[in-house]
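The values are calculated or read from the model by the stated rules, or taken from the named source; none is laboratory data. Bear in mind that the values here come from a model prediction, so they are computed numbers and not experimental data. Here the Cβ positions follow ideal geometry from the backbone for every residue, glycine too, while neighbour counts run over all protein chains shown. Accessible surface is based on the protein model in full, side chains and every heavy atom, while ligands, DNA and RNA are left aside. Shrake-Rupley method; radii C 1.70, N 1.55, O 1.52, S 1.80 Å.
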Amino acid sequence: MKSCNLNKRLRSCLIGTACAVLLPVIAQADELSRAAMLSYTCAGCHGTNGISPGSIPSIYCKTADTIEKALKEYRDGTRFSTVMGRHVKGYTDDEIQLIAGFFGTYCNEKIGIKK
Amino acid sequence: MSKYTRRDFVKAAGVATASAIGILGWPIGVQAKTGNRSKVVVIGGGYGGATCAKYIRKLAPGVDVTLVEQNKEFITCPFSNTVIGGIKRIEEITHKYDKLKQRHGVDVIHDLATEIDATKKTVKLKSGKTLGYDKLIVSPGIEFVWNKIAAYDEKASEIFPHAWKAGPQTLLLRRQLEGMKDGGTVIITAPADPYRCPPGPYERACLIANYFKQHKPKSKIIILDAKDKFSKQPLFINGWETLYPKMIDWVSKSAGGTVVRVDTKAKLVENDTGFTYEADVINVIPPHQAGAIAQKAGLADKSGWCPVNQRTFESTLHKDVHVIGDSALAGEMPKSAYAAGSQGKVCAAAVVAELGGLNMPEPSYVNTCYSFVGPEYGISVAAVYRITDKGIAAVKDAGGGSPKDVDDTFRNMEAVYAQGWYDSTVADMFE
Ligand SMILES: Cc1cc2nc3c(=O)[nH]c(=O)nc-3n(C[C@H](O)[C@H](O)[C@H](O)COP(=O)(O)OP(=O)(O)OC[C@H]3O[C@@H](n4cnc5c(N)ncnc54)[C@H](O)[C@@H]3O)c2cc1C
């Protein structure tokens, strides 16, 4: 599971150029990537880093696979949603993978620990 | 002033380690004018500015970020209609800047920015202080175009409130509604596009109607509109018919809804054919333009709004000045809190990338707007945007409004998620 995550993160970072190399070294580097750009947009509903303070479910500390599966089910209409189905239709399969990979790395961000 | 290299920047900014730089061998060249650390100044601590300040620090903790905000507390426009409707107290939509300072190390200065010198790269404050910057971000929201509707100026707004900037105006409109007799009439004038929060006037009508239904059931609301269609129209109209039958009248532009003059003494408004409407409470939402400081600094064009490179939000009129939020011309994105925050994050990445000599990743933008038709009846509209040759454009066949034919449970869930959106977005800017 872990290596699978890392793989996805690496792939996501390649698009953001330099960060792919820097990725294992320091946290902030992979923030300047296409994956981060896509994922930051979710925070308006799910909270910064996917940590939601209110009624919308948190999405941090889920594996990349869980998130990818959920997003695709919303898009295909096999999972009930009020808004996610409409929203996820705006992303390609590749983008969904980048997003899932990005959130898959966040866990317990409150105390500054990444998975 | 010392020479400043990309290597220094990246090191100081915490973007990456020196050894990693070694591997990549980035060229030398970025110079910072204000010493060893890059300095970013943000004007306006609202949805655009506060979010941008926080995300710059998140991306590059070594960059100094100073946020200039005139008010000590931020009262959100989102949910201010719930205060007008008597559902929430204003304290519940009032937020502090402490955590932006403590948790994110943003230097928050409560002062008014009065001048921008884009050549010297300085910002003057009302207190007399001058701040230098490497990059300036301007997110001042909107300014009203007074007297575009004849006789509607700042003074008139003390009698016919706009309540389109949250605060005393919100409370004034609330007090007027509380003081109105049962069987009275309220007029809301809705402006032509573009304006902040396209569904806002219609949500306001709903929440006033909700208050009337419980306390003043013989009262009426007339919306005089300078448009022939509006955001989430079928959903709103369906909601009005369900929850507030015969209480809300919408007068379109074609039907004479364009207000051109007000008379605060006679308590009336006049439309473009000379017809007058009288009412007990009159809420005028006047046309707007980019925030005053953006106008003064020459960041706006003839339209009254600020043209930007929609990938980086850098002004096309002044280098190293970025404009985000309501003030910016952001392609197909509406003027909303969600959009302002989304732009703030893209702008943060652009600024950090440029300061560090790194590549700016392909941006992605989102907007969603929740509205209350009733306290337990929510609707929403969503969109995902990409950058195209023609600027920011919505992805086709995605997003859109809430479905039309759904049950009460669905509407109730959206009302609950509207509060969730509010909490998350406020946390995303301040916490
Ligand atoms: C009634 C109403 C309801 C709304 N509901 C929603 C909603 O449900 N969802 C949604 O997404 N959007 C909503 N909006 C829209 C939303 O409020 C705006 O789009 C959003 O606030 C824009 O963010 P901004 O950063 O551009 O400006 P603002 O959030 O207005 O922030 C601008 C800040 O800059 C400060 N400022 C300005 N000039 C200076 C200066 N010279 N020096 C120092 N400080 C300065 C101001 O004090 C202010 O704090 C609503 C708007 C209204 C009016």
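Some observations on this one:
- In the range B:67-91, the residues that are under 20 Å from B:I293 (Cβ atoms), in contact with a Leu (Cβ under 7 Å, 6 or more places away or on another chain) and open to solvent by 10 Å² or more (accessible area, probe 1.4 Å): B:Q70
- Selection status of B:F79, on the phi > 0 side of the Ramachandran plot and near the ligand (Cβ under 10 Å from one of its atoms): yes
- Of all residues in the range B:352-390, those satisfying the criterion of being away from the ligand (no atom under 16 Å from the Cβ), open to solvent by less than 10 Å² (accessible area, probe 1.4 Å) and touching a residue at least 40 places away in the same chain (Cβ under 8 Å) are B:V352, B:G356, B:P363.
- Each residue in the range B:403-419 was checked for being within 7 Å of chain A (Cβ to nearest Cβ) and surrounded by 21 or more Cβ atoms within 10 Å (Cβ to Cβ), and 2 of them qualify.
- Taking the criterion of being touching a residue at least 60 places away in the same chain (Cβ under 8 Å) and either in a loop (DSSP other than H, G, I, E, B) or out of contact with any strand residue (DSSP E or B) (no Cβ under 9 Å at 6 or more places or on another chain) (or both), the residues of the range B:391-406 that qualify are B:S402, B:K404.
- Residues in the range A:55-90 that are open to solvent by 20 Å² or more (accessible area, probe 1.4 Å) and among the hydroxyl-bearing types (S, T, Y): A:S55, A:S58, A:Y60, A:T63, A:T66, A:Y74, A:T78, A:S81.
- Pairs are defined by a Cβ separation below 7 Å, a sequence spacing of at least 6 or placement on different chains, a first member in the range B:305-330 that is on the phi > 0 side of the Ramachandran plot, and a second member that is of a type in the set (A, V, I, L, M) and near the ligand (Cβ under 10 Å from one of its atoms); the pairs so defined are B:F313/B:V323; B:F313/B:I324; B:F313/B:A328; B:G325/B:A340.
- The lone criterion from (1) more than 15 Å from the ligand (Cβ to nearest atom); (2) open to solvent by 10 Å² or more (accessible area, probe 1.4 Å); (3) among the small types (G, A, S); (4) at pLDDT 95 or above left unmet by B:A349 is number (2).
- Any pair with Cβ under 6 angstrom, 6 or more apart, that starts in the range B:41-55 at a residue that is within 13 Å of B:D107 (Cβ to Cβ) and ends at one that is more than 9 Å from the ligand (Cβ to nearest atom) and open to solvent by 10 Å² or more (accessible area, probe 1.4 Å): B:V41/B:L131; B:K54/B:H104
- Residue within the range B:303-311 that is hydrophobic (A, V, I, L, M, F, W, C) and within 21 Å of B:D134 (Cα to Cα) present: yes
- Screening B:N271 with (1) open to solvent by less than 10 Å² (accessible area, probe 1.4 Å); (2) closer than 29 Å to B:P140 by Cβ gives one miss only, at (2).
- Filter pass, B:K181 being touching an Asp or Glu at 6+ places or on another chain (Cβ under 9 Å), away from the ligand (no atom under 14 Å from the Cβ) and in the same structural domain as B:E241 (by TED's automatic domain parsing): yes
- Test set (1) part of a loop (DSSP other than H, G, I, E, B); (2) surrounded by fewer than 18 Cβ atoms within 10 Å (Cβ to Cβ); (3) out of contact with any helix residue (DSSP H, G or I) (no Cβ under 9 Å at 6 or more places or on another chain) - B:R175 fails condition number: (1)
- Residue in the range B:288-296 that is at pLDDT 95 or above and more than 15 Å from the ligand (Cβ to nearest atom) present: no
- Taken over the range B:315-329, residues that are of a type in the set (A, V, I, L, M), closer than 15 Å to B:G49 by Cβ and either open to solvent by 10 Å² or more (accessible area, probe 1.4 Å) or within 12 Å of the ligand (Cβ to nearest atom) (or both) amount to 3.
Listed here are the residues, each with its yes/no results for (1) without any contact (Cβ under 8 Å) to a residue 24 or more places away in the chain; (2) within 23 Å of B:A353 (Cα to Cα); (3) outside the structural domain of B:G48 (by TED's automatic domain parsing).
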| site | (1), (2), (3) |
| --- | --- |
| B:D64 | no, yes, no |
| B:V68 | no, yes, no |
| B:N71 | no, no, no |
| B:C77 | no, no, no |
| B:K88 | yes, no, no |
| B:K96 | no, no, no |
| B:Q102 | yes, no, no |
| B:D107 | no, yes, no |
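- The listed residue being in a loop (DSSP other than H, G, I, E, B), under 30 Å from B:S327 (Cα atoms), open to solvent by 10 Å² or more (accessible area, probe 1.4 Å) and modelled with pLDDT of 95 or more, out of B:K218, B:K227, B:K181: B:K227
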